[in-house]
Amino acid sequence: MTKSELIDAVAARGELTKARAELVVNCVFDTMIEAMRDGEGIEIRGFGSLTVRPYKPYEGRNPRTGQPVEVPAKRLPFFKVGKELRELVNSSRHLAITGDDDDDVPVRKSTVTPTSVTPTNGAQRTNGDARLQKR
């Protein structure tokens, strides 16, 4: 669901105009962002909680060049799903999974056979299987 779809749903359920529903949704988001910016957590019973997690600086690597890169300390939002929402979503397992349907995407055959690839990271193939195992 996108933000505009959320606004449409709020307008329909609350019998509001789309402009009024957009104002409500934006106010809720702005209030949540402001609270998290101030380091406060947000807890919505049955839905979940949003907290701000601090991360220490570390040395990463540029994946293209392999050169070390300093990654600065940061604070990022973290969402923990609530028990009720988790149970509701889990109880709907009988529904088809939507999203990336593989049925309508053509499958591209690989021209590389599993035995013709030699990994360079110290891993080895097992029985021609595409999975790698560390030595």
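The table below lists the values:
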read-out	value
Local electrostatic count at Met36 - Lys and Arg +1, Asp and Glu -1, tallied over other residues with Cβ under 15 Å	0
Length added when fully stretched, Thr51-Ile33, from 0.36 nm per residue minus Cα-Cα	5.4 nm
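Values quoted throughout were computed directly from the atomic coordinates according to the rules given, and no laboratory measurement underlies them. Predicted, not measured: the structure shown is a model, and the values here were computed from it. With ideal geometry, Cβ positions are generated from the backbone for all residues, glycine too; neighbour counts draw on all protein chains shown.
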